[in-house]
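Q: If you scroll down you'll find the structure; I have some questions about it.
All of the numbers you see were taken from the coordinates with simple rules; none came from a lab. Since this is a predicted model, take the numbers as computed values, not measurements. Note that we place each Cβ from the backbone using ideal geometry, even for glycine, and neighbour counts take in every protein chain shown.
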Amino acid sequence: MRPEKGVLIVLSGPSGSGKGTLVKKLLEQRDDTVLSVSVTTRQPRPGEIEGVHYYFRTRKQVEEMIAEGSLLEYAEYNGHYYGTPEPPIKKWLEAGKNVLLEIEVQGAEKVMNHRSDLVSIFITIPSMKELEQRLRGRGTETEESIQGRLQVARQELSRAFRYQYVVLNDEVDRAVERIQTIIEAEKMRYAYMEDLILEVMNDAQAQ
Ligand code: 5GP
C-alpha cells in the first residue's frame, strides 16, 4: 500500500513516562509534524486548554462520536474515554505533515491492526520506582489515581512488544533525538522515496 505523504506516528508509554514533554520538544523542533488533539471525558488538569491539549467532552458526546464512526480509535483508560478524531488526520497526512498520535496501548493496537503505514514507538522509563516518583512529583493526581496509573503502567509495559521501536526516556534531549532518528529513517523507506526514484528514472530516460 502506498502511504500518504506524511508519516503517521503512534506513540505510547506509561502515564508519567514523560511522553508529553517529549512530544512538546519534538513539535518545537519539527514544523513538518502536528499532534492530533484527542477527545476525552476526563476533567481538565490545571493549565490544560480546550482544543489544545484535549477536546473535553461528556460521555454522551463521545458515545455519539463513536456511533457516528468519526473516531479512528478510542479506549477507556482509568475510567474515562479517550479517542482520536479521524477527519483531521487524513487531511494532514495528505498535506505532507507527519501526524503524531499520543495514545495508550489499547487504542494504539487498534490503529496498528488496521493500518500498516505507520511507525509505532513505545516510550519507557528506566524503572517503576522512577515512574512512581514522577507521578507523585506532578502533584495533580489523587492517591487513587496514582495507584490506578501504576497498575495500568505495568499492563502497558507488557504490550511494548507490539511496537516497532522502544525509546528510553532517561534524559529528555536524548530521548527526543532518538525519536528524531526514527522519523528520519522512516522517511527514507522506499515507499516515501518512490517519487524521487521515478523522477530520477524519468530524467535518465530523457537523456
Ligand atoms: P492523560 O489523562 O494522562 O492525559 O492520558 C492518559 C492516557 O490516555 C495517556 O496514555 C495518553 O497517551 C492516552 N490518550 C490520550 N489521547 C488518547 C486517544 O485519543 N486515544 C487513546 N486510545 N488514548 C489516548
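Q: In whole Å, what are the Cα extents of region 24-128 along the three principal axes, biggest one first?
A: Result, largest extent first: 35, 35, 26 Å.
Q: Nearest 5 is fine: what % of DSSP beta bridges in the chain come out antiparallel, could you say?
A: Counting only bridges with both partners in the chain, antiparallel ones make up about 30 percent.
Q: Counting every Cα pair in region 96-200, what percent are over 19 Å apart?
A: Result for the distance tail: 56 percent.
Q: Relative contact order for the chain: what is it in percent, counting Cα pairs under 8 Å that are at least 6 residues apart?
A: In percent, rounded to a whole number, it is 31.
Q: When only alpha-carbon atoms are used, what values of Rg and Dmax, in angstrom, describe region 139-207?
A: Rg then Dmax for region 139-207, in Å: 21.2, 71.
Q: Just tell me, in residue order, which DSSP H segments of the chain are both 18 angstrom or longer along the helix axis (alpha-carbon based) and at least 0.0 in mean Kyte-Doolittle hydropathy.
A: 190-206
Q: What does the charge dipole of the chain about its Cα centre add up to, to the nearest 20 debye, if the Cβ of each Lys and Arg holds +1 and the Cβ of each Asp and Glu holds -1?
A: Charge dipole of the chain: 480 debye, to the nearest 20.
Q: Here is a follow-up. Expected output is a single nm value to one decimal: the length gained when fully extending between THR58 and VAL200, i.e. 0.36 nm times separation in residues minus the C-alpha distance. What is it?
A: Stretched fully, the THR58-VAL200 segment lengthens by 45.8 nm.
Q: Report, as a whole number in µm² per second, the diffusion coefficient that Stokes-Einstein gives for region 107-146 at 37 °C and 0.692 mPa s using the Kirkwood radius over alpha carbon pairs. Walk me through the numbers on the way to the answer.
A: On the way: Rh = 12.8 Å.
D, rounded to a whole number, is 257 µm²/s.
Q: Let's test the formula: R0 of 22 Å, r as the Cβ-Cβ distance of LYS91 and ASP31. What FRET efficiency results, to the nearest 0.05?
A: Calculated value: 0.85.
Q: At q = 0.17 Å⁻¹, what log₁₀ I(q)/I(0) does a Debye calculation on the Cα points of region 1-41 give, no solvent, two decimals?
A: At q = 0.17 Å⁻¹ the computed log10 ratios are -0.60.
Q: Exceeding 21 Å between C-alpha atoms, which entries from my cross-link table qualify? They are LYS25/LYS97; LYS5/LYS187; LYS90/LYS187; LYS25/LYS129; LYS60/LYS91.
A: LYS25/LYS129; LYS60/LYS91
Q: What are the extents of the Cα atoms of the chain along their three principal axes, in Å, largest first?
A: Extents along the principal axes, in whole Å: 71, 40, 30.
Q: Moving to a separate point now. Taking the Cα centre of region 91-207 as the origin and placing charges on Cβ (Lys, Arg +1; Asp, Glu -1), which of VAL172, PRO126, TYR190 is farthest toward the positive end of the dipole?
A: PRO126
Q: May I ask you to order 121-128, 169-176 by the average number of other C-beta atoms within 10 Å around their residues, highest value first? Don't skip to the end; give the middle numbers.
A: Details: 121-128: 18.0, 169-176: 15.1.
Sorting 121-128, 169-176 by mean packing, highest first, produces 121-128, 169-176.
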